[in-house]
Every structure is written in C-alpha cells, then in structure tokens.
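Since the structure comes first, as structure tokens, the remarks are kept for the end.
What follows is calculated from the coordinates using simple rules that are stated; it is not laboratory data. What you see is a predicted model, and the numbers here were worked out from it, not measured in a lab. Reconstructed Cβ throughout: ideal geometry from the backbone, glycine too, with neighbour counts over all protein chains shown.
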Amino acid sequence: MRKPTTPWLRSTPSGTAILLALSACGGAGGGPAPTAPVNAPDTPVSYPEPAPIERGLAPTGIGPYAQGVDVRRYDVELGLSDRSASFAGRSVIRLQVTGADVWLPLDFTGLAVDGVWVEGVPARTTYENGVLGVDLAHIGGGSNVSVRVDYHGTPDDGLFIGPNIHGAPSAFVDNWPNRTRFWMPTVDHPSDKALVRFTIHAPEDWHVIANGYMTAQPRPASREALGPASGPRQTWVWDTVEPIPTYTMVVGAARMDHASVGRAACGKAPASQDDDGCVAVSWMAFPQDTAQARRIFARAADMVDYYADLIGPFPYEKLANVQSATQFGGMENSSAIFYTGQGISAGTLGEGTVAHEIAHQWFGDSVTEGLWSHIWLSEGFATYFGALFFEHAEGVEDFRERLELARQAYITSDDVDRPVVADYDQLFDLLNRNSYQKGGLVLHMLRGVMGDDAFFEGIRRYYGRYAHGNALTGDLQAVMTAAHGSDLDWFFDQWIRKPGHPTFEVSHRWLPSGSGSAGQVELTIRQTQRAAWPRFRMPATVALVTRGADVRRDIELSGAVTTVRVDADREPERVVLDPDGWILKGDVTYR
C-alpha cells in the first residue's frame, strides 16, 4: 500500500466539510453489557443513521481485541444503484463464542440499522460511538452462532458510490486501516481474520469484482434483491476459501474492461478453483484506460510466479489488478488489488507499485501483523520484496538503485527518532518511512548478516508457519534465529526496537611490514550519530582502493569506536566503508 497524499473529505448534508475518521471502538471488547439503553429483546432493532465519527484512531483498551468471540465468516449482501449514493446491506456474521456473558462489539457506524437478529431471534443491542453491541450472554462458550444485521444509507467512508475519474457511475471499497466498519459490521481488526462471501446486486452493465472466486456466472437479479434499484440488475457472488483480514475485504463495481495477463503459480496455488490449479492473473480498467492498464500490468503474472517460487504457494484463488477509487497508490486487498484511478489513467503508476502490492499477498494479507504497531511486517516486507523482483528481472544495479532511493527517503524523514515498532494514536501515522523504507532496508541488512541461503530459507519457514494467520516481530525473530543458527536479538533490538541509524567517521593509517610493500591498514571507525540512538553492532566490508582497483576485507563494527588492522599488499590510496551499501547509514566522513 502506498501512503495517501491527503485525507478524504466529505460534506455533511448541511454542506459543512468534515474529516472522517474511525472511532477506537471497544478495544478489549466482548465484555460486560454496556450501560447505554438497549432495545427490548422481543422487537427487532431499528436505529437512525448516526452522525459521522473520526476515522483512523487506534483501538483503546488492554488485551485481545473483541474478547470472547472469534468470527469465522461474513456473508454480505449489497444492493447497489447507478443513480444513488445510498445502498442496502445485509450481513450475517458467523462466529464462535469463546467466553461467558459476551456482548459482541461489532465495529459499525454511519448507516441506519433496520434489524439485528441472533439465530433468527431479535437481539438486545446498543448502537453508539462506532459500535453495534449485540447481547450474546445467553450463548454458551464454545457455541457457534450467527448474527444478522440489516442496514441501509449513504456511507460516510469506506464504500464510495459515485462518479469515477471519467464521470461514470461506480462503487469501490477502500478499507485501510479499519474503515470496513463504514459499510459492513465486522470485528475490524487484523487479528480476527475470517472468510467472506459477497452477493452483489448491481446494474447489469457493471462488472463486479471482489475477493475470492466467482461461484457462477452473473444472473439477473430477482425482484426481491436488496435495493435501491434503478433499472435491470445482475447478481454476482464471490466467495473465499481462505480467511482474510477485514481491511482487505472489498467490492468494486463499474463499467470496466478486463483482460488476462496469464496463468501463474501453477502447482503452487492450493486455493485455486480452476481445473489447471493455476492462478488467473488479470487487470480491470475503465474503458478509457485499457491501453495504460495493459502496459502497467504486463509483468504481473511473472511477479506472481517469482514470489511463489521464492516464498511459498500463492495464498488465494485469483489475482485481479483493478483500477479503482482508492486513496492510496495501491491497496493490497486479498486477491483483488485496487490501484489509483488517476495513476493508471495518466500512466504514472509504475511497476514498482505493482510488485509491492503483489508481494503483499504473501506479507500483510496472508501473514498479517497481529497488532497495528507491527505493520512493518506488512509494509517493510512489501517494500523489500517488491524491490527483489527487479533484482531478479533487471539485475543487481537496478535493485541497488531502488534501495538507495529507500535509504534517502528514510534518512531525510522526520521518522528517524522513533523505532520501527511504535504505537500511534492515529493509525494513518503508521504509513511512515519507518514502516516502509526502514523496514525494507532492515530485511536487506538481515539478509547480509545471515547470507542468502539462510535468509531465504528463514523467510520460507516464517511464511509457512504463519500463512493465513497472524505474526508479531518476535515470531519473525524466532524463525530467523533458528534458520541462522545463532542469536539475533542484538540485531532486532537495535534496528527495530530502537530509533535511528549510524553515521560514521572513518580514518586509516598505513603500517608497513618493514620489508617489501606489504603491511597493514589500521582503521578507526567512529559512530557519530545522535546520542539517543544506539551504537550499532554490524558486520561490514571495507574496500582498500589502490590504482583504481579495490581489495575487500570483512570487519565487525561494535561500540562507539572500532579499531581494527587488516592485511594489505600495498598502501591504499583511500578506503571505502560498506561499498555495496548493505548497512542503513547516514553520512560517512573520511579523514
């Protein structure tokens, strides 16, 4: 996912501009019944559309999010129109109750609620501050239960129904970080992944895309299909076979052209529903922009093949690359990546973004950070593995240029004084240079420390262990330590849990042997970074440059000052610390 340049603004009916944001609903969740009034249990609930709330606030509370429940599946039905920004929705949440006296805290806001039922019986509920609370106290622990919510209205955020960049009607979902709650009730947190099935009633000339696979060809919508209807509609059904995070659950609908890029990950796509067991890789674009889409996504299938070979099986049923209305350059929705409409139309969206979003299918979507503060396990991985495709396809110089751009972006940012894993009150603040560029460069340094064989073997083990689940930084560290065969706590502590990066002052002097031209070079390397930052320990290479050639020597940096002597055949004209750029560093001054 690429960082948005500006927040989205909407207008209230009175015309006042508001900045939409997400409430920090029920962080611990699932606890005792709220003190707010609840509806009588023998009547269906009905609530008017509430006022907009703030978006992007981090969850509050201590302990697991939504304690006492584990959502297994969402069955979502939406009725869309090409003449109205309103829609009708019905969601059936299938979950297991894992605690006692549970109130289910569904993240939901901005829409009118028409009814809530638990196993077909009207439920006791509350609806305030971005949470639709549902009484499950009568459901025993370990029981499976279904909760149905009917709703309608014009969403404040998350689902955008209106003109696309060419003025044509469209509807696109844009969820990150926890904006799913603006159009469907969920436990809106990456730690509670679930299956999802979408039934979409849309104008008959629209193409509808969603997560998973299309269960059958679109069919004419029935008269009873959810409205509002403004003419003939078709019904589309998309279903998943693997659980996904709520922030990647999406629907897109508009007049779109589409074409195949190719078949990929054959023999390495266990979720594929196709007879050949391959992943169908495609693009979808507005009719005016098909030539740009064809060019931009030309190598998408090659990218899928590369990552399936390097990391592990492709995790989903298909991969669609979709021109949309996302506020991000790209949004890595599981099996249906959404890209900026403007970037594709203008032809400015690059293959680097495509590789980044495709890499997310493994890291972020399948292996998902269990806490928002560990988002580097998503964005840092996508940044680095996005660049790795170009090392494979274009060569090491192209790869190094991409890493250098990442280094410059990080060291010139305002993020250097915070560690990679850090809590933020506003989740959008996580889209920073620590999560993306520094996170990616930390992986590159870890590769340098471990060596290619151990590093990529560790990555494959990590993916295999946490695919379709959640992980934290400690989980990655444990797997990589086992693959490396020695302790890596020092590495993760200085690069992930603490802020900053080293800067160096390097001096050398020649120590002749007394006979011939051979001798030693004494190197003194001082770490001159800010006092609040660590003194970094890192293996390093130094180049001894003589007459246009250089001889490499490996050394170990540790502490404020490192002094080492290395053998040399002749006195060097100059020395270069870390000539291949493995270390994330600021200025290097030579004395």
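Things worth noting here:
- Enclosed volume per residue, in Å³, of the convex hull spanned by Cα atoms of region 424-481: 91
- According to the Kirkwood relation over distinct C-alpha pairs, the hydrodynamic radius of region 368-495 is 15.0 Å.
- Sequence-ordered 3J(HN,Hα) estimates for region 212-222 from the Karplus curve with 6.51, -1.76 and 1.60 and θ = phi - 60° stand at x, 10, 7, 6, 6, 5, x, 10, x, 5, 6 Hz, glycine and proline given as x.
- Averaging over all projection directions, the Cα-based convex hull of region 504-590 occupies 5.5 nm² in the image plane.
- Taking every alpha-carbon pair under 8 Å whose residues sit at least 6 apart, region 504-590 reaches a relative contact order of 36 percent.
- With all pairs of different C-alpha atoms in the average, the Kirkwood value for the hydrodynamic radius of region 38-167 is 15.8 Å.
- Based on the convex hull around the alpha carbon atoms, region 212-265 presents an average projected area of 5.9 nm².
- Viscosity 1.306 mPa s, 10 °C: Kirkwood-radius Stokes-Einstein D of region 329-416 over Cα pairs, µm²/s: 114
- Translational diffusion of region 121-199, µm² s⁻¹ [Kirkwood Rh, Cα pairs; Stokes-Einstein; 10 °C; 1.306 mPa s]: 105
- Scalar couplings 3J(HN,Hα) for region 244-253, obtained by applying the Karplus form with A = 6.51, B = -1.76, C = 1.60 to θ = phi - 60°, are 9, x, 4, 5, 9, 7, 9, 9, x, 8 Hz; x denotes Gly and Pro.
- Centre-to-centre, using Cα atoms only, region 194-250 and region 83-135 are separated by 21 Å.
- Each of Thr43, Thr353, Thr180 was scored by other Cβ atoms within 10 Å of its Cβ. Arranged with the fewest first, they read Thr43, Thr353, Thr180.
- Mean separation of Cα contacts under 8 Å (6+ apart) over length of the chain, as relative contact order %: 10
- Rounded tilt (10° steps) of 300-310 against the dominant C-alpha axis of the chain: 60
- Extent of region 177-279 along its three principal axes (Cα atoms, max minus min coordinate, largest first): 44, 33, 21 Å.
- For the chain, the spread of Cα positions along the three principal axes, ordered from largest to smallest, is 99, 53, 48 Å.
- Nearest 10 degrees, 0 to 90: helix 452-466 Cα axis against the chain principal axis: 20
- Inter-probe distance in nm under a simple model that places probes 7 Å from Cα toward Cβ, at Ser191 and Thr589: 4.6
- Long-range lysine pairs (8 or more apart or interchain), the chain, Cα under 15 Å: 5
- With only Cα atoms counted, region 38-99 has Rg and Dmax values of 16.1, 45 Å.
- Annotation: the residues Phe390, Phe182, sorted from fewest to most other C-beta atoms within 10 Å of their own C-beta, follow the order Phe390, Phe182.
- Cα-based helix-to-principal-axis angle, 473-484 vs the chain, degrees rounded to 10: 40
- Summed over all non-identical Cα pairs, the Kirkwood treatment of region 256-348 gives a radius of 13.3 Å.
- Cα→Cβ-extended label distance, 7 Å offset, between Asp398 and Asn129, nm: 5.2
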